[in-house]
Amino acid sequence: MTTLTSEKQSFSLCDFKDLDAVFAIEGDDMRTHRGRSVVAITVEGQRHFLKRFWFDSRQPFKRNVARGLHELRMIDWLNSSGFLGPNVVRRGRGGPGPFSTRMFFLMQEVPGETALETAWRLDQKNAASLLDDVATFAATLHDTGYCHTDFSERHIFVGGTDNERTFRLIDVERASVNCASEGRFASDLATLAASVMDDRLRDAIRMSVIDRYIKARTTLPNTVDFRRIFEQAKPTKAF
């Protein structure tokens, strides 16, 4: 088994064939909990994020690996359904018998993409059109039945150009498909508004973005007062 540590500054994609070696990798710790971790590493000269899940005997009933496998399914759904999720370049799982006790996936950072609030601040000239595009994006996403459940601005990355923007969703481990709850969709948008720091942007989301979103939805029944549902919705997490 090859042990890969932070002493090796840049890894190769070939280094991710052996599960034990992958779980020995050290990098810049971004978020570590019992049973899962995220580290930033350099792979073939580019920044990547390695997300790992494992069984923790101290929390025997916490299904960390199952959560990781679910997140990977939600990523694959996005990337195969006309949306953009994390750019997964390597993945693996293993364990005794038919059960997985460890799994990982490696995501490549996409150059030129910026978290939503930063993109909005950096380009005030096109701020209004950016928010129009955000509203249309959210409406299209929800029309397919995809609910993110952690729809914060830091999980929405903006790329492309002013004439053809792209939106990439990350951290989708709480996401679901086939959702038909307008309340859950409204909570996505309430989470988006609550996640921003700038009062002007928050106000714009709560007013113009919601209005545009309602107009862009194709599966929203005419009898549903989505504005009222949104005003009563709770963010899915505190910020």
Of everything in region 197-239, what is in contact with a Lys or Arg (Cβ under 9 Å, 6 or more places away or on another chain) and part of a helix (DSSP H, G or I)? Give them in sequence order.
LEU201, ILE210, ASP211, ILE214, PHE226, PHE230, GLU231
Would you point out which residue out of ASP123, ASP203, ASP162, ASP150 is closer than 25 Å to THR218 by Cα, modelled with pLDDT under 95 and outside the structural domain of SER37 (by TED's automatic domain parsing)?
ASP162
Considering only region 159-171, state which residues are in contact with a Pro (Cβ under 8 Å, 6 or more places away or on another chain) and β-branched (Val, Ile, Thr).
ILE170
Looking at (1) closer than 26 Å to PHE185 by Cα; (2) in contact with a helix residue (DSSP H, G or I) (Cβ under 8 Å, 6 or more places away or on another chain), find the lone condition where LEU106 falls short.
(1)
Being assigned to a helix (DSSP H, G or I), outside the structural domain of ASN87 (by TED's automatic domain parsing), within 28 Å of ARG67 (Cα to Cα) and under 16 Å from the mean Cα position of the chain (by Cα), is that true of even one residue in region 168-178?
no
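The values are calculated or read from the model by the stated rules, or taken from the named source; none is laboratory data. Note that this is a predicted model, so its numbers are computed, not measured. Every residue, glycine among them, receives a Cβ derived from its backbone with ideal geometry; neighbour counts consider all protein chains shown.
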